[in-house]
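The values are calculated or read from the model by the stated rules, or taken from the named source; none is laboratory data. Just so it is clear, the model here is predicted, and its values are computed rather than measured. Please note: Cβ atoms are built from the backbone with ideal geometry, for glycine as well, and neighbour counts cover all protein chains shown.
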Amino acid sequence: MSYNLLKGKKGIIFGALNEASIAWKVAEVAHEEGAEFILTNAPVALRMGELNKLAEATGSEIVAADVTSMEDLENLFTIAEKKFGKLDFILHSIGMSINVRKKIEYTDANYDFYHKAMDISAMSFHRVMKIAKQKDIMNEWGSILALSFIAAQMAIPGYNDMSDAKALLESIARTFGYYYGKDKKVRVNTISQSPTKTTAGGGIKGFGALYEYADKNSPLGNAPAIDCANYCVMMFSDLTKYITMQNLFHDGGFSTTGLTEEIMGEL
Ligand SMILES: NC(=O)c1ccc[n+]([C@@H]2O[C@H](COP(=O)([O-])OP(=O)(O)OC[C@H]3O[C@@H](n4cnc5c(N)ncnc54)[C@H](O)[C@@H]3O)[C@@H](O)[C@H]2O)c1
């Protein structure tokens, strides 16, 4: 059911890789709610061709951009400016760690890989907002979101250096959000989502156990990707105008639950 929450709103959605991607679901719901947007992903991800299906279904243009490249991002925002003039929302749904992929233990981190994880998964959020702000492309009360995970607050071993990337990401949302709010009335938040079965999620060591544990230790169970998409769309809408500089948990209650009876029963 559509509420026309994003009627007339324009945006950029980073990070839809395949149907399981959280960003894919956000694009579908945003489209249903009346938004127009550009879909973007790294050139290597676009070669898989999956994104064409989503672009067709939502009437969107695809623009390639590696978020570690200022040149790619400048080009993306120039295209967005020509197409839409101003923007109302941006979704940053990007994460990648080579230490995670290669299953290198956190304490044995390879620092080139560690640096890359920070660059792709966190600093890119700063980069995106820096260009958006310099171009003055956001409308007042526009909404910028990045997706995070509770390993920014809690030690979760398999999450590796992505824990540090998420802590940095959330800090960038707060600090950039301060300046963007003061100067342009643009709001910036992160949504901390439950473990979700996606390509990025599946790369985490012990993801199956983490998924099951979080599901059992949340009174509502793990939040599905589609509900995360609904939450993102609400955050892009005018119903949430005064929410900024927050890390918002979308996790079925996991973050404030000590132990559920289900977990206790297993001990
Ligand atoms: N899956 C989970 O359990 C979970 C939980 C909480 C938060 N998140 C976060 O949600 C976001 C989306 O992840 P997902 O689970 O939908 O997985 P996903 O694998 O579908 O999405 C990750 C995306 O990052 C993109 N990406 C990687 N390197 C890039 C680069 N250099 N330039 C541009 N894009 C690049 C990938 O192409 C991919 O589209 C990530 O920030 C992730 O950390 C995921």
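Under the condition of being more than 9 Å from the ligand (Cβ to nearest atom) and surrounded by 22 or more Cβ atoms within 10 Å (Cβ to Cβ), which residue from the range 153-162 is nearest to Gly202 (Cα to Cα)?
It comes out as Tyr159.
Give the number of residues within the range 42-89 that are of a type outside the set (A, V, I, L, M, F, W, C) and within 9 Å of the ligand (Cβ to nearest atom).
5
List the pairs whose first member sits in the range 37-65 and is at negative phi, whose second member is of a type in the set (Ser, Thr, Tyr), and whose Cβ atoms are under 6 Å apart, counting only residues at least 6 apart or on separate chains?
If the second residue must be of a type in the set (Ser, Thr, Tyr), the pairs left are Phe37/Ser60; Leu39/Ser60; Val63/Thr40; Ala65/Thr40.
With the checklist (1) surrounded by 12 or more Cβ atoms within 10 Å (Cβ to Cβ); (2) free of Cβ contacts under 8 Å to residues at least 24 places away in the same chain; (3) among the small types (Gly, Ala, Ser) in hand, flag the one item Gly258 doesn't pass.
Looking at each condition in turn, Gly258 falls short on (1).
Determine which member of the set Ile191, Ile226, Ile204 is closer than 28 Å to Glu33 by Cβ and not in a helix (DSSP H, G or I).
Details: Ile226 fails: not in a helix (DSSP H, G or I); Ile204 fails: closer than 28 Å to Glu33 by Cβ.
Just one listed residue meets the conditions, Ile191.
Has the range 116-129 got any residue that is more than 11 Å from the ligand (Cβ to nearest atom), crowded, with 24+ Cβ neighbours inside 10 Å and modelled with pLDDT of 95 or more?
No, the conditions are met nowhere in the range 116-129.
Residues to consider are Gly265, Gly201, Gly252; find the one that is modelled with pLDDT under 95 and within 13 Å of the ligand (Cβ to nearest atom).
After applying the criteria, what remains is Gly201.
Does the range 99-108 contain any residue that is over 25 Å from Pro224 (Cβ atoms), out of contact with any strand residue (DSSP E or B) (no Cβ under 8 Å at 6 or more places or on another chain), touching a residue at least 60 places away in the same chain (Cβ under 8 Å) and of a type in the set (S, T, N, Q)?
Looking for residues that are over 25 Å from Pro224 (Cβ atoms), out of contact with any strand residue (DSSP E or B) (no Cβ under 8 Å at 6 or more places or on another chain), touching a residue at least 60 places away in the same chain (Cβ under 8 Å) and of a type in the set (S, T, N, Q), one finds at least one in the range 99-108, hence yes.
Can you list residue pairs whose Cβ atoms sit under 9 Å apart, with the first residue in the range 1-29 being more than 19 Å from Ala146 (Cβ to Cβ) and the second being among the acidic types (Asp, Glu) and within 16 Å of the ligand (Cβ to nearest atom)? Count only pairs 6 or more apart in sequence or on different chains.
Pairs that qualify, where the first residue is more than 19 Å from Ala146 (Cβ to Cβ) and the partner is among the acidic types (Asp, Glu) and within 16 Å of the ligand (Cβ to nearest atom), are Asn18/Glu50; Glu19/Glu50.
Among the listed residues Thr175, Thr107, Thr190, which satisfies the condition of being within 12 Å of the ligand (Cβ to nearest atom) and at pLDDT 95 or above?
When all the criteria are applied, what remains is Thr190.
Could you please let me know if His92 is out of contact with any His (no Cβ under 9 Å at 6 or more places or on another chain), more than 15 Å from the ligand (Cβ to nearest atom) and closer than 25 Å to Ser194 by Cβ?
When the stated conditions are applied, His92 does not pass them.
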